[in-house]
Amino acid sequence: RSRRGGAGNTGGTGSSGSGMDAPSAAGLGGADPQLQRFIEVETQKQRFQQLVHQMTELCWEKCMDKPGPKLDSRAETCFVNCVERFIDTSQFILNRLEQTQKSKSAFSESLSD
């Protein structure tokens, strides 16, 4: 458990790092397009790593009662279900945010007409 707590702390560090990356990327409005693309890709990688850390910490706390030399079938099933639900939930949230963004921009366009 203490080993996974360290992984969660790393995820926390990554989240503060992503907060620092976003302003730098926004401040490069007139910069080289290749550099902008590189920053976008690196930011996406960092977000993905943060998501994996969150999922690992959540599922570890939920499914791992007592660490041992072998994963029992109950814990394995729990991990599989936990990861699948985490992915489903993340995808649902992303889709919902995208729909909200589209409806906001459609609403803004209708106001400007």
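Some values worked out for this structure:
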item: Top-ranked residue of region 82-94 - restricted to ones that are open to solvent by 70 Å² or more (accessible area, probe 1.4 Å) and of a type outside the set (A, V, I, L, M), ranked as farthest from HIS53 (Cα to Cα); result: PHE92
item: Any chance GLU109 is modelled with pLDDT of 90 or more and not hydrophobic (A, V, I, L, M, F, W, C); result: no
item: Inter-residue pairs, beta-carbon under 6 Å, first surrounded by 12 or more Cβ atoms within 10 Å (Cβ to Cβ) and in region 59-80, second at pLDDT below 90, 6+ apart; result: TRP60/ARG4
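The values are calculated or read from the model by the stated rules, or taken from the named source; none is laboratory data. The structure presented is a predicted model; accordingly, all values stated were derived computationally and were not measured. All Cβ positions, even for glycine, are placed from backbone atoms using ideal geometry, and neighbour counts span all protein chains on display. The accessibility values were calculated without ligands, DNA or RNA, using every heavy atom of the protein model including side chains. Shrake-Rupley method; radii C 1.70, N 1.55, O 1.52, S 1.80 Å.
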